[in-house]
Every structure is written in structure tokens, then in C-alpha cells.
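Worksheet for the structure shown next.
The values are calculated or read from the model by the stated rules, or taken from the named source; none is laboratory data. All of these numbers come straight from a predicted model, not from anything done at the bench. Reconstructed Cβ throughout: ideal geometry from the backbone, glycine too, with neighbour counts over all protein chains shown.
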Amino acid sequence: MTVALVLAFGALVSLHATSGGEPAENDRDAGYDLDHVVRETGTKLQWDPYRGIGTLWNGKTSVSFRPGSSIVLEDYQTKHHIPGIERRDGALRFSEEAVETFKSIFAVPDRPAEARRVGAIFVDPGHGGRDPGTIGRHTVDGELFEIKEKDIVLDIAHQLVDLLEERYGDREVVMSRTDDTYLTLEERTEAANSVPIREGEVVLFVSIHANASLNSRASGFEVWYLSPEVPRDGLVTQTSAGVKDPQLLSLLNTIRDEELTIESILLAQSVLEGLDKTVGEHTGNRGIKKESWYVVREAKMPSILVEVGFVTNKEEALLLAEDEYLNKLAHGIYTGIHNFVKDFERQE
Ligand SMILES: [Zn+2]
């Protein structure tokens, strides 16, 4: 989890307890500064400047708050009502009640985590039908050699699904398309969002694509997740959350979004490592990327998009035409998903 949080908040700035000058007073009446809270609770603060939300974290439990609001969320799900968290002159101030409540939340040792389970894995081979995706055209031994993204990714997806089904007899493994069919992006995400799961379960969304570049030397694999700067809307609706307070709704939405982002990053990282093990010796590891891909943005679940390699690079295009290489890619993605599921469901 540590790695994930560092990554997730990599772009965030730390917020200082005071805005400089006079050190803030700490007492019943004036309230307490951030240094005091962090010291008393044994936590660290992650401050998200885009959403104005702070999260205190001690390695096990997290408490998220928004200055000016009395609604505080423990572990992204349990609601507390704690008045007296404000931002004054650019610095955070906490009431005595807030400090005491935080202390009691963080003092509870090793509470069993809410059981969460990956109920289904949705595998989405990109493009299809009249949409070939990117096409690589090269001359090999004086002959035209052509390779289409839609075919490569379908092949990998089938192999991946076989591996997943073999491992997970008790989970749904669903493909957006099983043959050369055209699907809109909306149809893909709608299908993913309607996979039936039980309470406490999530669906993993894994979209598979191949890359193209004007630079014919560009090569390698990369994994995308949604950028935290692009909030996903409508994750928590009034009915699903059972709340009418619009402020609470917006807080729940942003926090759920943050949780999804962290999970997506973890999944991306795990799949990247898996690919690195199986094809790292053949091609470059281009790392984790964040972007607001439509197909990922609309999926209300941990979601990644895997770019398996460049069809515009002759050497890589030839690799992508080999069954054995596609099998290695499928194994890499499978290992990444499997390791993510193990970590995700680990009970401490
Ligand atoms: Zn594509």
C-alpha cells in the first residue's frame, strides 16, 4: 500500500502547518495545528490540492477530510461527524474534538479490514470489425508485411482469458468481444459496468491495445491508468449512497475516485511488472502512464489500458506476429492481474 500511496499522491504538495511567520498557538481555544495532529496520531498527511481534501494515514487506517466540512471519512467508507476542521491563513487548524476523535480512530489496533474481493475480470481487446486500430506495414524480404492492432489484441485477450479462467473458476471472466466485431467505447464500458457482482466485490477492467508512432524506432510496452486530475463523475449517486446532502455526496465522490485511482495504479504497476518479466528482455518497459482515456474514464472500477508494443516498429511488429510472443504478453498481463488480486484480497 505504501508504494501505491506514494505514487498516487506523487503529484501532490505537502501542506505546512503554518504559513510562515509566527508559530501557531496550540490550545483548547485557538485549536491545534497540523504538526500537533500528526504527532498525536502518528500519521502522515497527504494533501490533494485539486480537490482540497486531506488524508491522514498511519499505514493501516486513513481518515479523509475537507476543511470547512464536518464530514470525515474513515478508510473511505465509515462516516464521522467532526466539526472544527478549518483552513485559516493557508494553514490547517483542528478543534480539540477533532484531535481527540482522530486519536481514537488511529488508536484502534489492527482492525480486520473490510473483506473485499475481485468478483470479475473484464478483458477488453481494443477496436475490431471496421475499426482495425493501428496498422503496421513493413517490407520483409521484399514482400509487404501487414499487421493490425485489432487482431493482435484479440489473440492476446483470448489467451489471457484462458489463463484467468483456468485460475479463477469461481469468478466471472468476461470479454468485451470474442471475435472481429465492432463495438463503440460506450458499449464496452456499459458491458463492463453491468457485469453482475456481489456486495463488496469489484470488477477489474483491462483494455488491451497496440501502439503506433511516427517515429519508427519507438518500441516497448506501457500501462495506462486514469489521471487523478480528471475526476470521474457520478461514481456515487444519491440512491446508492443513501444521502441527500450535496456536500457529502461530492466528498464521497472524490474520495471514491481517489480510492479507484489508487487501485488502478496498483493494478497498472502489477501488470507492468508482469510484462517486464515475460517480455522485458525483448523490448523496452515504457512505464506507467496516466491519461484520461475515454474507455477507462467511464468504467467505475479499477481500470487500466495495456499497450503491448508498437506495430510501427518493424522489429516489434515481427515479434507481435509470433504466437509465442503474444503468449508471453498474455502471461505477463495474467501474472500482473493475479498478483494484484492476491494483494487486494489479502487479509491482515
Ligand atoms: Zn488501440
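Among the residues of the range 25-57, write down those that are hydroxyl-bearing (Ser, Thr, Tyr) and either under 13 Å from Arg93 (Cβ atoms) or modelled with pLDDT of 80 or more (or both). Selection gives Tyr32, Thr41, Thr43, Thr55. Can you find a residue in the range 87-104 that is under 31 Å from the mean Cα position of the chain (by Cα), at pLDDT 75 or above and part of a loop (DSSP other than H, G, I, E, B)? So far as the range 87-104 goes, yes, one or more of its residues are under 31 Å from the mean Cα position of the chain (by Cα), at pLDDT 75 or above and part of a loop (DSSP other than H, G, I, E, B). For the subset of the range 253-283 comprising residues that are among the hydrophobic types (A, V, I, L, M, F, W, C) and over 25 Å from Ser219 (Cβ atoms), which member is modelled with the highest pLDDT? For the range 253-283, the residue satisfying everything is Leu266. Select from the range 143-159 the residues that are of a type outside the set (Val, Ile, Thr) and within 16 Å of the ligand (Cβ to nearest atom) and write down the one among them that is surrounded by the most Cβ atoms within 10 Å (Cβ to Cβ). Once the filter is applied, the top-ranked residue is Glu149. Within the range 296-327, being within 16 Å of the ligand (Cβ to nearest atom), assigned to a helix (DSSP H, G or I) and either at pLDDT 95 or above or not assigned by TED's automatic domain parsing to the domain that holds Val161 (or both) holds for Glu316, Ala317, Leu320, Leu326.
In the range 118-139, the residue that is surrounded by the fewest Cβ atoms within 10 Å (Cβ to Cβ) out of those that are within 10 Å of the ligand (Cβ to nearest atom) and within 15 Å of Leu160 (Cβ to Cβ) is Gly126. Among the residues of the range 140-171, the ones that are in a loop (DSSP other than H, G, I, E, B) and in contact (Cβ under 8 Å) with a residue 40 or more places away in the chain come to 2 in all. The one condition from (1) assigned to a strand (DSSP E or B); (2) within 16 Å of the ligand (Cβ to nearest atom) that Asp180 does not meet is (1).
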